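Read-outs: derived from the displayed coordinates by stated rules, not from any lab. Here the structure is a predicted model, which is why all the values come from computation and not from measurement. Cβ placement follows ideal geometry from the backbone for every residue including glycine, while neighbour counts extend to all protein chains displayed.
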Amino acid sequence: MSKWVNGVVVANTHWTENLFSLRIEADVAPFLPGQYTELAIRREDGSRHSQPYSILSAPTASGSQALEPKAGKTGNPQTLEFFLYTHLEGELSCELSRLKPGDSLEVGAEPAGTLTLSHIKDTATLCLMATGTGVAPFISMIQSDTPWQRFDNVVLVYGVREEADLCYRPLLDSLAEQYPGRFSFVPVISREAVTGALRGRIPALLDSGELEQALGWQLSAENAHIMLCGNPGMVQDSAAVLTDRGFSVHSPEHPGQVSFEAYW
Ligand SMILES: Cc1cc2nc3c(=O)[nH]c(=O)nc-3n(C[C@H](O)[C@H](O)[C@H](O)COP(=O)(O)OP(=O)(O)OC[C@H]3O[C@@H](n4cnc5c(N)ncnc54)[C@H](O)[C@@H]3O)c2cc1C
Ligand SMILES: NC(=O)c1ccc[n+]([C@@H]2O[C@H](COP(=O)([O-])OP(=O)(O)OC[C@H]3O[C@@H](n4cnc5c(N)ncnc54)[C@H](OP(=O)(O)O)[C@@H]3O)[C@@H](O)[C@H]2O)c1
């Protein structure tokens, strides 16, 4: 089976100068919420340029609630959504930002990645902490049924530079309505003071206790599993704060209470 399938752009939504969402129809293998696949374009010389991107949409019925994806494609193209940051000099992200409905690109046929809910012990709180586009795998998770079946509470901490970078608010608001009292959304904005959001960086707010004060309860290795995604500095510093507080790093072989994925 080819590593690549053809993808067709259905929509390209620009949120800010640097942030956009791509909807792509492609027949990829079933995936788990939290996984990523590669997006690729061909250069003029025919060479392929690819990078990994987290899938933001929840899996469709064919593979959605499976604990492990089945091998092979579904034979039913599905619409996958991705949330991207375009760096001004970023070769691939700039090309992707210019795609229009009807344009083609290549999509990795087999989504992959270990930032999923598999092998994680059921506990009271699932706490998802992201910066920027690192929120994508978590939006996939909270749009699926799995976290709501397995955890009492789900917390999403979403850190950005400015309020305008805080995307997907209507979707997050609708989840809060769908799961009253079970979903806590904590926006963190570093470069503006905004009412209703914490100001600063996630690791510092975690270390000072301000984040838990906003939540109204303490996160501990006994009552929470924490997932981190996005900026490598945020991931590293938050993991250090948490391991100092008794959390251990999770792997399928050695279950712990902190999982993470750094984007660069
Ligand atoms: C598992 C995984 C999932 C990802 N999911 C997403 C996603 O959902 N959305 C998203 O926007 N991005 C995601 N990324 C990042 C993405 O793969 C690319 O790195 C990003 O789009 C930049 O690619 P580019 O070709 O445009 O830029 P490049 O030309 O590769 O780089 C442009 C600039 O970006 C920075 N940069 C990019 N990659 C690195 C790196 N490895 N180390 C240091 N600096 C780097 C540098 O400042 C560099 O100058 C993910 C990465 C991983 C590993
Ligand atoms: N988003 C991506 O996928 C991506 C991919 C490739 C490259 N980049 C790089 O990221 C830059 C802009 O991306 P962005 O605005 O989406 O994300 P970002 O710079 O990671 O900023 C998002 C949030 O993370 C915070 N942050 C940054 N470094 C941190 C650290 N060490 N510890 C804790 N928090 C930290 C920022 O706070 P501050 O405002 O205090 O910095 C901000 O609130 C570009 O210059 C580009 O090179 C991003």
Any chance you could check the Cα centroid distance between region 151-201 and region 11-28 for me, in angstrom? 21
Computed about the Cα centre, the charge dipole of the chain from +1 Lys/Arg and -1 Asp/Glu charges at the Cβ has a magnitude in debye, to the nearest 20, of 280
Along region 118-132, Karplus-curve 3J(HN,Hα) (6.51, -1.76, 1.60; θ = phi - 60°) to the nearest Hz, with x for Gly and Pro, reads 5, 6, 8, 6, 5, 8, 5, 10, 9, 10, 10, 10, 9, 10, x
Quick one: if you stick a label point 7 Å off each Cα along the C-beta vector at Glu222 and Gln178, how many nm between them? 3.3
Kindly write out, for region 103-115 in residue order, the coupling ³J(HN,Hα) from the Karplus curve 6.51 cos²θ - 1.76 cosθ + 1.60 (θ = phi - 60°), rounded to whole Hz, with x marking Gly and Pro. 5, 10, 8, 9, 10, x, 6, 10, x, 8, x, 10, 7
Rounded to the nearest 500 deg cm²/dmol, what is the calculated helix-only ellipticity per residue at 222 nm for the chain, with -39500 (n - 2.57) per DSSP H run of length n ≥ 4? -5500 deg cm²/dmol
Sequence-distant or interchain residues sharing an amide H contact under 5 Å with Met227, placed H: which? Cys127, Leu128, Met129, Ser259
Along the charge dipole of the chain, pointing to its positive end and built from +1/-1 on Cβ of Lys, Arg, Asp and Glu, which listed residue (Val9, Ile142, Ser248) has its Cα farthest out? Val9
Sort Phe247, Phe20 so the one with the fewest other Cβ atoms within 10 Å of its own Cβ comes first. Phe247, Phe20
Cα-projected label distance for Ala112 with Trp264, points at 7 Å along beta-carbon direction, nm: 2.2
For the chain, the convex hull over Cα atoms projects on average to an area in nm² of 14.1
